[in-house]
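Nothing in this text is a laboratory measurement; each read-out follows from the coordinates by a stated rule. Remember, predicted model here, so these are calculated numbers, not experimental data. Here Cβ is always computed from backbone atoms with ideal geometry, including for glycine, and neighbour counts include all displayed protein chains.
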Amino acid sequence: MSVQGAGAPLAGCIPLSLRAGTLFVSGLLGSATVLGFAPFYLWPVPLLTLAALAWLIERAGGAWRAAGLGYAFGFGFFITGVSWVFVSMHQYGGMSMPLAAFATSFFCAYLALFPAAAAWLTARAARAHVGQGWRLALVFPAAWTLAEWVRGWMFTGFPWLAIGYSQSPGGPLSGYAPIVGAHGVGLLAALSAGLLAWWHPWHRAGAGGIKRALTHPALVSLVVVWAAALGLKPVAWTVAVGEPVSVSLAQGNIKQDMKWRAEALRETLDTYLELTRSSSARLILLPETAVPLFDVNVPAGYLDLLAAHAQTNGGDILLGIPELVDGTPARYYNSVISLGTNPRQSYRKHHLVPFGDYFPQWTFITWVMNAMDIPMSSFSRGDADQKPIEAAGQRIAVNICYEDVFGEEIIRQLPAATILANFTNDAWWGDSAASEQHLQMAQMRSQETGRYMLRATNTGVTAIIDERGRVLESAPEFVTTVVNGQAQGFSGSTPYARWGNWPALALLAVMLVTAWVRRAR
């Protein structure tokens, strides 16, 4: 019996049950990682679970075994963190329970391929004679972030639960958000995990062991990264402009299974009219598709009543409503329109959600389309570059629902915009963690851009978020209410608002190239 390298597993002598046990442990680590995200906000947890995964990858005994560990980690992570898609498909999409369960598992199995690829690439670096320290400090974090970045755009993208979000708003590493964005923060989180896995001071005993542990390059690098993060936390990248504006965010709490029914229309319209009239704010926001009718089919005088109230307050209302545009063929958009003292303006959703806003023509999943019954699911795509809406003395960068999970798209309206505003309907996800997770991503957008984010939602979480990602005012979920407060406009650009994801991607590329050029001695 021989051992290939210090600490390498004896692959031929390990019982199958132990290998299966290792996969199970990796899956549990993935599930535990979800604790780093909302509603738990335990930001140290992902750093520790990723460090444990990196440690397991180093001892996997081969690239494909490492990929298996990464896949188990990813499946445990996603089946725990995003299994709420089952609710949207079964409860509100009309899909049978077995089919919805299968579709949810299939979706999570697909997402798990990305952590598997990152683990494979990390272990593959050993075949290129890249030393352990370089693999853990450079290859692992770069491979993990590369996989998350690709996940963020492949098949229209699903960047949900990217590791960087776990550090917002309270984690020290979020101090880097205005510079390198969520992916950059994720890269530094994975770097921290890799450094922890490399350090393992418990392997050092005897005379001078403690001193060697404390001066180990992994620990020194970790201290530098975190000290810089703490130093960046209080930095103000943007400046307040003008006086704060009074705002009201209406949460109608319209049940998703009733939202599009004709018999519920009158109650919906009355609810939002009453909530609007209860506000004296200059800026009032009503959520995504608050009016579940095409703008041309709204009962006569209803929009005029909303506009008149906004004018009485000396401001404007931003209202989620589908827009119908005549043509051949006719097109309709998931839109937000303004009513009040300013001329009517509109924003049309650009980044559409597959199966929610439209049905993609992907042959291998047409069975999903045929099994679901989602109203208003053939929206047209709005322009990629749209101007902020002028309202209540502010320039509002509007984004609808899922769009606020794409930081590189939000910054298109900067630096012109003074405030960000998200209009969403998270009722699709039921009583799950999805709404809180969505809120956390909005908090990251505020930190990246140095702007307030106003979130008007149907069932929650409706909130006012300041430029540092802190929730100032919010409403509990599943209640009919109005969130009132003040929003401060800001001007200027953060480095991320200027350059987007390019600095993070450049750093990622440098790390990979450095690791491969630098050979173990």
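A few comments on the model shown:
- For region 175-275, averaging the sequence separation of C-alpha pairs within contact (under 8 Å, six or more residues apart) and dividing by the residue count gives a relative contact order of 25 percent.
- Degrees separating the helix 217-232 axis from the principal Cα axis of the chain, which is the longest one: 20 degrees
- Cα-Cα separations in region 279-353 greater than 17 Å, expressed as whole percent: 44 percent
- Positive-end residue, the chain charge dipole about Cα centroid, Cβ charges, pick of 67, 318, 241: 67
- Note: relative contact order over the chain, using C-alpha pairs below 8 Å and six or more positions apart, is 17 percent.
- Order by protection proxy (mean Cβ within 10 Å, highest first), peptides 275-284, 444-453: 444-453, 275-284
- The order of the peptides 386-392, 321-327 by mean Cβ neighbours within 10 Å, most packed first, is 386-392, 321-327.
- Here region 464-521 is assigned +1 on the Cβ of each Lys and Arg and -1 on the Cβ of each Asp and Glu. Its dipole about the Cα centre then comes out at about 720 debye.
- Looking at region 163-272, the trypsin sites (Lys or Arg not before Pro) that sit in a DSSP loop and have at most 15 other Cβ atoms within 10 Å of their own Cβ are 204, 255, 261.
- A protection proxy built from the mean count of other Cβ atoms within 10 Å ranks the segments 103-113, 394-404, most packed first, as 394-404, 103-113.
- Angle between the chain longest axis and helix 113-127 axis [Cα atoms, degrees, rounded to 10]: 30 degrees
- Rounded to the nearest 20, the Cβ-based charge dipole of the chain about its Cα centre (Lys and Arg +1, Asp and Glu -1) stands at 2520 debye.
- On full extension, the segment bounded by residue 330 and residue 302 gains 7.7 nm, given 0.36 nm per residue less the C-alpha separation.
- Rounded to 10°, Cα long-axis angle of helix 16-33 versus longest principal axis of the chain: 40 degrees
- Straight-line reach from residue 349: taking Cα to Cα under 26 Å and skipping same-chain neighbours fewer than 8 places apart, the lysines in range are 255, 259, 387.
- Each principal axis of the Cα atoms in the chain has its own extent, and those three values, largest first, are 85, 52, 39 angstrom.
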